[in-house]
1. Residues with amide H under 5 Å of residue 73's amide H, sequence separation 5 or more or different chain, H placed in the peptide plane at 1.01 Å from N; which?
2. At 1.4 Å probe radius, can you tell me the per residue accessible area of the stretch 409-453 in Å²?
3. Using 1/(1 + (r/R0)^6) with R0 = 22 angstrom and r between the beta carbons of residue 772 and residue 672, what's the FRET efficiency to the nearest 0.05?
4. Keeping all protein chains in the complex and leaving out DNA, RNA and ligands, what accessible area do you get for residue 508 with a 1.4 Å probe, in Å² to the nearest 10?
5. If you take all C-alpha pairs in the stretch 335-462, what percent of them are over 20 Å apart?
6. Length gain on complete extension for the stretch residue 102 to residue 372, per 0.36 nm per residue less the alpha carbon to alpha carbon distance?
7. To the nearest 0.05, what FRET efficiency results for residue 745 and residue 258 with a Förster distance of 45 Å applied to their C-beta separation?
8. Taking the Cα-to-Cβ direction at residue 236 and at residue 459 and moving 7 Å from each Cα, how far apart do the two end points lie in nm?
Amino acid sequence: MSRIFRLFVYSLAAFMSLSFLGLLSAAGLYLYLEPGLPSVEALRDVRFQQPLRVYSADGELMAEFGEYRREPLRYDEIPEPMKHAFIAAEDERFFQHPGVDYQGLARAVLHLVRHREIGPGGSTITMQVARNFFLSREQTYLRKLNEILLSFKIERELSKEQILELYLNKIYLGQRAYGVGAASRIYYGKSPEELSLAETATIAGLPKSPSTANPVSNPQRSLQRRAYVLRRMFETGHITAEELAEAGTTPETASLRTVRPGLHAPFVAEMARAHAYERYGDAAYDDGYRVYTTVDSRLQRKANEALRENLLSYDRRHGYRGPLAQHDLDEHASEESWDGLLAGHRRVADLRPALVTEVDDEAGEARVYLRNGDLTVIGLDDMKWARRWISQSAVGPQVEKVSDVLSRGDIVHVRQRNGDEPRYVLAQLPDVEGSVISLAPDSGAVVALAGGFDFGRSQFNRAAQALRQPGSAFKPFIYSAALERGFTPASIVNDAPVVFEDDALETVWRPENYTGRFYGPTRLREALAQSRNLVSIRVMRDIGARYVVNFMDRFGFPPGRLPADLSLALGSGAVTPLELTGAYAVFANGGYRVQPHLVSHIEDGAGEIVYRMVPALACQDCDDIAASMGFEPRTGDYADGVFAAQFRPAERVISAENAYQMTSMMQDVIRTGTARQARALGRQDLSGKTGTTNDLHDAWFAGYNRSLVTTAWVGFDQARSLGRGETGSRAALPMWMDFMGSALEGVPERASPRPSGLITARIDPESGLLTSADNPRAIFEIFQEDAVPARERQRDRSGSSSGGARGSDGSRRGSDEPLF
């Protein structure tokens, strides 16, 4: 008996010694590892990685950028079934254990002894929080010890509710979804509280294998995990047997729901993304920034529509270039094979690829297959535009029957026309491009921008990046410089042939008008309205090319892109549509230079404003305008961080009189000149200028009123002729009209305020000189007070007037003689 007692004593002593050594070792290990453990304090104010989101001025989502898709939720916003599902599946004793579940840990140790490798089991929700926020996922003993110690530390400093909230917002759930909020949206297009029990269980089953067992990538494995979660919820008493049976037999409806922007404006969104990245670097994509732009969603939709409709219209005028592909349908007889043929052709904008399955000339229609069993018919009338393309200036004979255009097996584009009878029509992807951009002239805020037909086809933003010659759309700036040097709208300049031997041009230059005709002595107002090239050249020669280039800096044109020779009079420099629009804003706002800008303000993930663009305002009564816009009446610049809203007055770059005269002259471009068709808008407050470059490479129209300044451009990315007759008035002006007609609908006409330094006087239209009221040809003209021309005197027999200065080329300028 004593022998047995001694053996017991020795065993007990050995056990106690080993236990003491174990405790001593554990304490030593803790003291060694504890200083290297991260602080839990960071979890109290954790910032979840969230994508960059871009919004319109009125709050419509335009785009989302970033790898992490997350919608953080507070604990009380997470539905109880979601909490129960995750706890039942991942950590049944979550609310009882101190961060480490000893039963689960024992299972993990048993696995280690049996298989000599770290295995599953023993990882609580708290331990997953420790790993996800602070540790790597490597399978090492040291990492596991750190995880255990950190879990104890987290449990001491945070409540169970805080820990579960962190877990359900942080956990990766596949398809770039982090947290249950994002997963609910991505898989089901719902918020968590809208999910059914079956859908909740599906999401709760994802942590084990989020990439390979989610309901999109592997529906079968996802169903198995769903069944496991439902069974665990039943075993833990959170659902009834009836709920288990019903949810277990519910069909899986998950699919990948990508973020669908409420407003389609990809060119705007990309500019906003670049702005955020420039300010915040890679953090822009993860820190939940929200960029609010100045874009008006209604106007942006009008810009998109105007651009696409007019590029398609241009393309129809120039004929049909043939099908995208041609296939032998005898070898592809099933709808499944037809789907395969269409798979290589993507939808572009609203143009859908379609397969011609039958051509019926007798019925005057073609039957086409659109994919997934969808069939439709295209009638002959909806393809009569499709005359064969020969060149940009020539098309083939009229279309008489369907087979003149289509053949069985053709893959073509079609688009749906909505109206009294919605139908599909034959379409074609334009190879021409264009842009529409519109600003608020008093602030420079971009209210609409469309940089191309389709962002998916080409991300090149023609509105902001395309350097093109503006052609005659540049002439108003030449004329503004001339007004500054003493010319008037009534100044007479000879529109006659001329040859220049210009050293800067290094060639003999014989410019001419678009019509090839010459019109003799012409008033500046008429010359601008009719876009007379020779007049612009002579005006620039008179005031000096260097002076003109320097003057252009007032409008924001980079001087390095403007040639200091007479070709600039015809718009030979290189500008972007954005730059040209900003320059026209100077005329529209009465002479002030504003800064075109797209970003209004940026909020961080907590909703705090961290950046605001405070625009320079074009104003005379700045305090009143600032107050109406919510700015305090004091000067300042934009700022980061917390600040009081401020404003700064814009710099005046031309006189109010100059801006008013130019606006009046450009109103005649619409009333009597090259943009007469814009009279169809029925407004008297519109001004603008057409632009066409050499060989018809570019077509422009830039125009404005006091509310909006808008530029439309059409051209090929690789410059070539647009084709015979495709001038600014034909190719670009209709696009501008479509946009402005919609944008200004319901907006009252708003005349530019007339400056006090102007007078109106009768002139003779042939001489440009003052005349009497009894002159039957007399017209009224607007002059600056110090630039009124002389009164007309008796003419000699040659018909020349003795009043006013005449240049050697026959041009006459208004004199500075006072009016009596």
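The values are calculated or read from the model by the stated rules, or taken from the named source; none is laboratory data. For clarity, every value in this text was computed on a predicted model and none was experimentally measured. Note: ideal-geometry Cβ built from the backbone for every residue, glycine included; neighbour counts use all protein chains shown. The protein model used for the area step is the full one, side chains on, heavy atoms only, and it has no ligands, DNA or RNA in it. Shrake-Rupley method; radii C 1.70, N 1.55, O 1.52, S 1.80 Å.
1. Placed amide hydrogens put nothing under 5 Å from residue 73.
2. Per-residue accessible area for the stretch 409-453 comes out at 26 Å².
3. My answer for the efficiency is 0.35.
4. About 70 Å², ignoring ligands and nucleic acids.
5. Counting every Cα pair in the stretch 335-462, those more than 20 Å apart make up 56 percent.
6. Difference between extended and current length: 91.7 nm.
7. 0.85
8. According to this spin-label approximation, the distance is 4.4 nm.
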